[in-house]
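**Student:** Before we start, here is the structure in question, set down as structure tokens.
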């Protein structure tokens, strides 16, 4: 391999990774051929590192302008790409741009151009057209989850951005499916195609069931199923935002801790909901298909299709959130009394009858605290961990996941310790900063 092996070894050491997987090695080998690349790969397969390594190989440390541009269909995916890049400890500056927050702060960040710029198509188009950064030195373009970007209606924005970049040398396109045609505006010609999709690789640990109700109301049906499943992490998919919120409200009335997620939520609400699900503060997460790909949500045990998916690829992507990396998981399709199973769902899921009576799901062992400071205040994860141990007097097993965002942070602690910790830290400072700490509702 002709790649800079020392640079790659340093990256892997920074990330705590011993060896690259087959897909990541293949992308580095393909990168040597100086051709455009199409990478077919599902979420959770190491895809982000697979294309970031070729991006890293392309960067010039003497260049002071943006050299690589990465387009992602969602804010969360853009942030996750940034996190992976930062974990690589490359020494090259990175920034993210996305909607749902003021653009002025992003403009100020772009005044000192990053080597790698990541963002959603709409926000990046705005920055490009306003001339907030110079595009003339961009040599590498990554279109991550391109099929999802097309599906979400970002075609015009992507075309507008690409048409303004004059000196592209390499284009890398990733997709979970080979079903989409590649539009001419991408400029991709005669690419190397690396197919690591799961089209011929069924999830071995996945069991599928259909649960039929006795009337046309699925609300009670989903509640009964959750009671049956207990406190295993469960992701519920609905086809419409309004349905997502109705299911969430119905379950909340029955005192089932849950969070909901869709594209119209404000950014802080999206981040809070995801943090609470990731850290175990809630075990039920209700979403549109926005959560079917691109979100870092590990170890989901159950998938519930409250609404049947409209297309087969939606069904595959939803189910792909469980039974990953040799784990086992279950998917449940809820059907009303007169509703039929979509024809594309094969093999037919096993019919399942729920018990007439089941106990309410146990309440989570964890709760999430909100801390009103974040990365922009130079607050780190270790700052919070030390503060919680020292000032909050928590034992090691009483502190859970800590997530530091741009302007605020989330920390999971045992439910039994919430009141005591809030009392202990009420008038304390973190790094000499007065900070608001409260339960994240």
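**Student:** Residue 361 - would you say it is surrounded by 18 or more Cβ atoms within 10 Å (Cβ to Cβ), outside the structural domain of residue 428 (by TED's automatic domain parsing) and modelled with pLDDT under 90?
**Tutor:** yes
**Student:** Inspect the stretch 244-253 for any residue being under 15 Å from the mean Cα position of the chain (by Cα) and crowded, with 17+ Cβ neighbours inside 10 Å and give the result as yes or no.
**Tutor:** no
**Student:** A further question on this structure: Among the residues of the stretch 302-316, write down those that are under 17 Å from the mean Cα position of the chain (by Cα) and closer than 19 Å to residue 225 by Cα.
**Tutor:** 303
Yes/no per residue for (1) under 25 Å from the mean Cα position of the chain (by Cα); (2) part of a loop (DSSP other than H, G, I, E, B):
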site: 91; (1), (2): yes, yes
site: 102; (1), (2): yes, yes
site: 105; (1), (2): yes, no
site: 108; (1), (2): no, no
site: 113; (1), (2): no, yes
site: 122; (1), (2): yes, no
site: 125; (1), (2): yes, no
site: 136; (1), (2): no, yes
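**Student:** Let me ask something else about it. Of the numbered conditions (1) without any contact (Cβ under 8 Å) to a residue 12 or more places away in the chain; (2) part of a helix (DSSP H, G or I), residue 426 fails exactly one; give the number of that condition.
**Tutor:** (2)
Table: residues versus (1) out of contact with any strand residue (DSSP E or B) (no Cβ under 6 Å at 6 or more places or on another chain); (2) in a loop (DSSP other than H, G, I, E, B).
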{"position": "210", "(1), (2)": "no, no"}
{"position": "214", "(1), (2)": "yes, yes"}
{"position": "228", "(1), (2)": "yes, no"}
{"position": "232", "(1), (2)": "no, yes"}
{"position": "236", "(1), (2)": "no, no"}
{"position": "263", "(1), (2)": "yes, yes"}
{"position": "271", "(1), (2)": "yes, no"}
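**Student:** Give just the number: which of (1) surrounded by fewer than 21 Cβ atoms within 10 Å (Cβ to Cβ); (2) under 23 Å from residue 40 (Cβ atoms); (3) out of contact with any helix residue (DSSP H, G or I) (no Cβ under 9 Å at 6 or more places or on another chain) does residue 322 not satisfy?
**Tutor:** So residue 322 meets the others, but not (1).
**Student:** Taking the stretch 1-35 on its own, how many of its residues are in contact with a strand residue (DSSP E or B) (Cβ under 8 Å, 6 or more places away or on another chain), assigned to a loop (DSSP other than H, G, I, E, B) and surrounded by 14 or more Cβ atoms within 10 Å (Cβ to Cβ)?
**Tutor:** So the answer is 1.
**Student:** Continuing with the same structure: Just a yes or no: is a residue in the stretch 311-328 in a loop (DSSP other than H, G, I, E, B), in contact with a strand residue (DSSP E or B) (Cβ under 8 Å, 6 or more places away or on another chain) and modelled with pLDDT of 95 or more?
**Tutor:** Taking every residue of the stretch 311-328 in turn, none turns out to be in a loop (DSSP other than H, G, I, E, B), in contact with a strand residue (DSSP E or B) (Cβ under 8 Å, 6 or more places away or on another chain) and modelled with pLDDT of 95 or more.
**Student:** Exactly one of (1) part of a loop (DSSP other than H, G, I, E, B); (2) under 30 Å from residue 57 (Cβ atoms); (3) over 22 Å from the mean Cα position of the chain (by Cα) is unmet by residue 171. Its number?
**Tutor:** Result: residue 171 passes all but (1).
**Student:** If you don't mind, another one. Mind listing just one residue for me: the one in the stretch 138-148 that is in contact with a strand residue (DSSP E or B) (Cβ under 7 Å, 6 or more places away or on another chain) and assigned to a helix (DSSP H, G or I) and, of those, nearest to residue 314 (Cα to Cα)?
**Tutor:** Among them, the one singled out is 147.
**Student:** For residues that are loosely packed, with under 15 Cβ neighbours inside 10 Å and out of contact with any strand residue (DSSP E or B) (no Cβ under 7 Å at 6 or more places or on another chain), scanning just the stretch 364-388, find the one that is nearest to residue 87 (Cα to Cα).
**Tutor:** This residue is 382.
**Student:** Still on this model: Restricting attention to the stretch 289-300, which residues are touching a helix residue (DSSP H, G or I) at 6+ places or on another chain (Cβ under 8 Å) and under 24 Å from residue 231 (Cβ atoms)?
**Tutor:** Once the filter is applied, which keeps residues that are touching a helix residue (DSSP H, G or I) at 6+ places or on another chain (Cβ under 8 Å) and under 24 Å from residue 231 (Cβ atoms), the stretch 289-300 yields 292, 295, 296, 297, 298.
**Student:** From the list 38, 70, 81, which one is in a helix (DSSP H, G or I), in contact with a strand residue (DSSP E or B) (Cβ under 7 Å, 6 or more places away or on another chain), surrounded by 13 or more Cβ atoms within 10 Å (Cβ to Cβ) and in contact (Cβ under 8 Å) with a residue 24 or more places away in the chain?
**Tutor:** 81
The values are calculated or read from the model by the stated rules, or taken from the named source; none is laboratory data. Note that the structure is predicted; figures quoted are calculated from it, not measured. Don't worry about glycine lacking a Cβ; one is built from the backbone with ideal geometry, like all the others, and counts go over all protein chains shown.
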